[in-house]
1. Write down Rg/Rh for the chain, rounded to two decimals, with Rg from the C-alpha atoms and Rh from the Kirkwood relation over Cα pairs.
2. Report the local net charge at S41: Lys and Arg +1, Asp and Glu -1, summed over other residues whose C-beta lies under 14 Å from its C-beta.
3. Give me the percent of the accessible area of the stretch 180-263 that comes from carbon and sulfur atoms, probe 1.4 Å, all protein chains in place.
4. Considering only Q176, Y225, L201, whose Cα is most displaced toward the positive end of the charge dipole of the stretch 176-291, charges sitting on Cβ of Lys, Arg (+1) and Asp, Glu (-1)?
5. Can you pull the percent of Cα pairs in the stretch 160-210 with separation above 18 Å?
6. Report the per residue volume, in Å³, of the convex hull enclosing the C-alpha atoms of the stretch 159-309.
7. Grab the Cα-Cα distance for E239 and H154, subtract it from 0.36 nm times how many residues apart they are, and report the gain in nm with one decimal.
8. To the nearest 500 deg cm²/dmol, what mean residue ellipticity at 222 nm is calculated for the chain from DSSP H runs of n ≥ 4 alone, each contributing -39,500 (n - 2.57), summed and divided by the residues?
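The values are calculated or read from the model by the stated rules, or taken from the named source; none is laboratory data. No experiment lies behind these values; they were computed from the predicted model shown. Here the Cβ positions follow ideal geometry from the backbone for every residue, glycine too, while neighbour counts run over all protein chains shown. Areas reflect the complete protein model, heavy atoms only, side chains present, ligands, DNA and RNA absent. Shrake-Rupley method; radii C 1.70, N 1.55, O 1.52, S 1.80 Å.
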Amino acid sequence: MDKSVIVSLKNIVMNFDDEQVLKGINLDIHDKEFITLLGPSGCGKTTTLRIIGGFIEPHEGDVFFDGKRINKIPPYKRQVNTVFQKYALFPHLNVFENIAFGLRLKKTPEKEIKTRVLEMLELVNLKGYGAKRVDFLSGGQQQRVAIARALINHPRMLLLDEPLGALDLQLRKEMQIELKRMQQQLGITFIYVTHDQEEALTMSDRIVVMNRGMIDQIGTPEDIYNEPANTFVARFIGESNIVSGIMHDDFDVEFAGKHFVCVDKGFDKMEPVDIVIRPEDIRFKQPDENTIDGTVETVTFKGVHFEMIVDSFGTKWKIHSTKAAEPGSFIGMALTPEDIHIMHKSYASNMNIEEASSIQEGAVNEKEL
Ligand code: ATP
């Protein structure tokens, strides 16, 4: 096994009430990485995390830690700690004692407890807060205490289940940066669960996109954004235009009634494909023989850019640009080969996120091409 792999999940299957909620998960997690399980509600993120933490045992498959099978090892014997969305602090104890709790259980000497708690308070930016009652702290400060409490035992890995879900947007953004700093400073593995794609893109070294108890894609934020594996991932991460096309040959794709040069190869000749084009990649200009042409329907100022909806013979295209075209004008949309992302047809073709994440197995097969 690759030495940098700390946790390995092999063919994990989990059933609840006759429903298969994990359908054969395979995942290697690297030592010291920040990895995020991302996906819509009910896709199996928390269940995967609980299996890694040892809170539940999979019905099939194996969990390895440092190459050793740990299916039967209870949570307290794993070198792992967990931070939940609900902080579960002890309201009758002050900040210092909440953080010290695990060390006291282990009968750690008083002097060492003090040094380590102070270290943790500094790490989570709560220096000077030791004597405060936890129920007088803000939500963000309480979450910092929960993180300090989880880290004081120096786990090899920290599991975080939507830890910022209860915080308001501004605080959440601050804490995202803080968490990333803590992870880098401590050099430990963070496994993070969220359904917020922006959060995942901001913090992660790698993202695992899950849907319906399966992994649709694993990759760096750039990979996932620039080369989504299927239309579900493309829709879930960022905004996109998705159209159907035909791959005529390597580097030659047809869609919107025209041939385009692309950077993709290895598809079957005349294979039907899905094409993803990000709104910010489309440039508009005078129509010519290489552009996709249409009428500007709406122009909306979004702060950083304008969003335009362009109708091209019945297909709606979204463009993000710092310049705005005139509503009602007829424009050409220009693409470079790198702007055109081509994917094999999948279960998620022609479905929106809600459909793709809620369909049952039977329906998947029917809709699969
Ligand atoms: P969310 O973002 O909503 O927390 P999730 O991706 O973390 O979703 P899980 O909590 O892993 O999803 O749940 C996956 C599926 O398993 C859901 O359909 C859920 O209802 C079901 N499930 C989870 N835990 C149990 C349980 N203890 N008993 C029965 N069903 C469960």
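1. Details: Rg = 24.3 Å, Rh = 23.1 Å.
We get a ratio of 1.05 for the chain.
2. Details: positive: K45, R212; negative: D161, E162, D196, E354.
With Lys, Arg at +1 and Asp, Glu at -1, the neighbours total -2.
3. Values: 1570 of 3150 Å².
For the stretch 180-263, the apolar C and S fraction of the accessible surface comes to 50 percent.
4. Farthest along the dipole direction, towards plus: Q176.
5. Values: 300 of 1275 pairs.
Tail fraction, whole percent: 24.
6. Values: hull volume 25.0 nm³, N = 151.
So the per-residue hull volume is 165 Å³.
7. Details: separation 85, 0.36 × 85 = 30.60 nm, distance 3.93 nm.
Stretched fully, the E239-H154 segment lengthens by 26.7 nm.
8. Working: 10 runs with 97 residues, N = 369.
-7500 deg cm²/dmol, from helical runs alone.
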